[in-house]
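Presented below is the structure to which this report refers.
The values are calculated or read from the model by the stated rules, or taken from the named source; none is laboratory data. These figures come from a predicted structure and were not determined experimentally. Cβ coordinates were reconstructed from backbone atoms using ideal geometry, including for glycine residues, and neighbour counts include every protein chain displayed. Quick note on the areas: whole protein, heavy atoms, side chains included, nothing else; ligands and nucleic acids left out. Shrake-Rupley method; radii C 1.70, N 1.55, O 1.52, S 1.80 Å.
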Amino acid sequence: MIINLDKLDYCASLKNLETICNKQNYKFIQGDICDPHFVKLLFETEKIDMVLHFAAQTHVDLSFVRAFEFTYVNVYGTHVLVSAAHEARVEKFIYVSTDEVYGGSLDKEFDESSPKQPTNPYASSKAAAECFVQSYWERYKFPVVITRSSNVYGPHQYPEKVIPKFISLLQHNRKCCIHGSGLQTRNFLYATDVVEAFLTVLKKGQPGEIYNIGSSLEMSVLQLARELIQLIKETKSESEMERWVDYVNDRPTNDMRYPMKSEKIHGLGWRPKVPWKEGIKRTIEWYRENFHNWKNAEKALEPFPAQPPFV
């Protein structure tokens, strides 16, 4: 039995659940992890034995202008959830974190023992939440597991993230907005691959452990834009391609790379399977048909306002 708890924030759409909403072993509940009375009642009334905690504010650009909201949701909300799960004696609690907690690195690859050195409000809130989760293992031996994954892409993703945003902009005959030089690189995982990773951790992950979920697919933001322009606009020359790129001011901080070692989860039997060409083709096709799944999808394509300093 799968229980899906979601707040239905600005980036959510119930249309994403249409293919499973009538299944007998699935139940949707709207609620907020920051409401301790609601969360406590949920664990008292539902027979929950496993928790996969994905709920968070995740948009890095937005974290610079709403840093306190990110702290509230990502840190306080996580504390509420892990506390209630511990009280309910849940068998396993998986906290879904991010490679961004490590901060950036040009050469050194991060393993699970690397220090956390976050450089933006989003990453800082995820790192702090990790500490609360880990403390329940240290103090109570409550069976928590932490995952840190590379960027995920695929169908159904709200178009504020870089891949769906670039695809949607181009499909609406608008330019890709590049932060700074665009030479910052990111590693990308297709959605079904990361789902398989979470199922692997759910079944085989050891309590108290951390698992990197990494990908060898690394490309710069500029290279990503160029590939998508080529696929969607079928450009034939460099000058034609440049017409679809718009360079804007960079973020206050923008890590150049997040290189991770993932041998630990490879040891559990997981490796990514979906090739980039196949994954991006599926993704482009989905957005061509389903962009308007979100009421406020157009808003996600607007330029983001200038960010104040990190507060």
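Somewhere in segment 77-85, is a residue touching a Phe, Trp or Tyr at 6+ places or on another chain (Cβ under 9 Å), within 22 Å of Phe38 (Cα to Cα) and open to solvent by 40 Å² or more (accessible area, probe 1.4 Å)? Scanning segment 77-85, I find at least one residue that is touching a Phe, Trp or Tyr at 6+ places or on another chain (Cβ under 9 Å), within 22 Å of Phe38 (Cα to Cα) and open to solvent by 40 Å² or more (accessible area, probe 1.4 Å), so the answer is yes.
Is it fair to say Lys165 is touching a residue at least 12 places away in the same chain (Cβ under 8 Å), open to solvent by 10 Å² or more (accessible area, probe 1.4 Å) and either under 30 Å from Val144 (Cα atoms) or in contact with an Asp or Glu (Cβ under 6 Å, 6 or more places away or on another chain) (or both)? The answer is no for Lys165.
Residues of segment 132-178 that are touching a helix residue (DSSP H, G or I) at 6+ places or on another chain (Cβ under 8 Å), of a type in the set (D, E, K, R) and more than 27 Å from Thr200 (Cα to Cα): Glu160, Lys165, Lys175. Of Leu170, Leu199, Leu189, all but one fail to be open to solvent by less than 50 Å² (accessible area, probe 1.4 Å), assigned to a helix (DSSP H, G or I) and not basic (Lys, Arg); the exception is Leu170.
The rows are residues; the columns are (1) open to solvent by 80 Å² or more (accessible area, probe 1.4 Å); (2) in contact (Cβ under 8 Å) with a residue 60 or more places away in the chain.
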position: Leu228; (1), (2): no, yes
position: Ile232; (1), (2): no, yes
position: Glu238; (1), (2): yes, no
position: Asn249; (1), (2): yes, yes
position: Met260; (1), (2): no, yes
position: Gly267; (1), (2): no, no
position: Thr283; (1), (2): no, yes
position: Asn293; (1), (2): no, yes
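When residues in segment 199-228 are screened for being touching a helix residue (DSSP H, G or I) at 6+ places or on another chain (Cβ under 6 Å) and closer than 27 Å to Asp49 by Cα, 3 of them pass.
This table checks each residue for (1) on the phi < 0 side of the Ramachandran plot; (2) more than 23 Å from the chain's Cα centre (by Cα); (3) of a type in the set (A, V, I, L, M, F, W, C).
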| residue | (1), (2), (3) |
| --- | --- |
| Ile232 | yes, yes, yes |
| Glu238 | yes, yes, no |
| Met256 | yes, no, yes |
| His266 | yes, no, no |
| Arg288 | yes, no, no |
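Considered as a group, the residues in segment 1-57 that are surrounded by fewer than 17 Cβ atoms within 10 Å (Cβ to Cβ) and among the small types (Gly, Ala, Ser) include one that is nearest to Lys92 (Cα to Cα), and that residue is Gly31. Given the condition surrounded by 17 or more Cβ atoms within 10 Å (Cβ to Cβ), in contact with a helix residue (DSSP H, G or I) (Cβ under 9 Å, 6 or more places away or on another chain), within 20 Å of Ala12 (Cα to Cα) and modelled with pLDDT of 95 or more, answer yes or no: does some residue in segment 99-119 qualify? Checked segment 99-119: no residue is surrounded by 17 or more Cβ atoms within 10 Å (Cβ to Cβ), in contact with a helix residue (DSSP H, G or I) (Cβ under 9 Å, 6 or more places away or on another chain), within 20 Å of Ala12 (Cα to Cα) and modelled with pLDDT of 95 or more.
Of all the criteria given as (1) surrounded by 11 or more Cβ atoms within 10 Å (Cβ to Cβ); (2) out of contact with any Phe, Trp or Tyr (no Cβ under 9 Å at 6 or more places or on another chain); (3) modelled with pLDDT of 95 or more; (4) not basic (Lys, Arg), the one not satisfied by Gly279 is (2).
Could you check segment 173-186 and list, in sequence order, the residues that are open to solvent by 10 Å² or more (accessible area, probe 1.4 Å) and aliphatic (A, V, I, L, M)? Write out each step before concluding.
Step one: filter segment 173-186 for residues open to solvent by 10 Å² or more (accessible area, probe 1.4 Å), giving 173-175, 177, 179-181, 183, 185-186.
Leu183 - this is the single residue of segment 173-186 that is open to solvent by 10 Å² or more (accessible area, probe 1.4 Å) and aliphatic (A, V, I, L, M).
Can you name every residue in segment 115-133 that is part of a loop (DSSP other than H, G, I, E, B) and touching a Gly at 6+ places or on another chain (Cβ under 9 Å)?
So the first thing to find is which residues in segment 115-133 are part of a loop (DSSP other than H, G, I, E, B), and the list is 115-120.
Those that are part of a loop (DSSP other than H, G, I, E, B) and touching a Gly at 6+ places or on another chain (Cβ under 9 Å): Pro115, Lys116, Gln117, Pro118, Thr119.
With (1) open to solvent by less than 50 Å² (accessible area, probe 1.4 Å); (2) touching a Ser or Thr at 6+ places or on another chain (Cβ under 7 Å); (3) of a type in the set (A, V, I, L, M) as the list, and Val145 as the residue in question, which single condition is left unmet? The one condition Val145 does not meet is (2).
Regarding Arg282, is this residue of a type outside the set (S, T, N, Q) and either farther than 30 Å from Leu202 by Cα or assigned to a loop (DSSP other than H, G, I, E, B) (or both)? No: the conditions fail for Arg282. Being among the β-branched types (Val, Ile, Thr), within 30 Å of Asp111 (Cα to Cα), surrounded by fewer than 20 Cβ atoms within 10 Å (Cβ to Cβ) and at pLDDT below 95 is a description that applies to Thr253.
Yes/no matrix, rows are residues, columns are (1) within 19 Å of Phe70 (Cβ to Cβ); (2) more than 17 Å from the chain's Cα centre (by Cα); (3) β-branched (Val, Ile, Thr); (4) assigned to a strand (DSSP E or B):
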site	(1), (2), (3), (4)
Ser135	no, yes, no, no
Phe142	no, yes, no, no
Arg148	yes, no, no, yes
Pro155	no, no, no, no
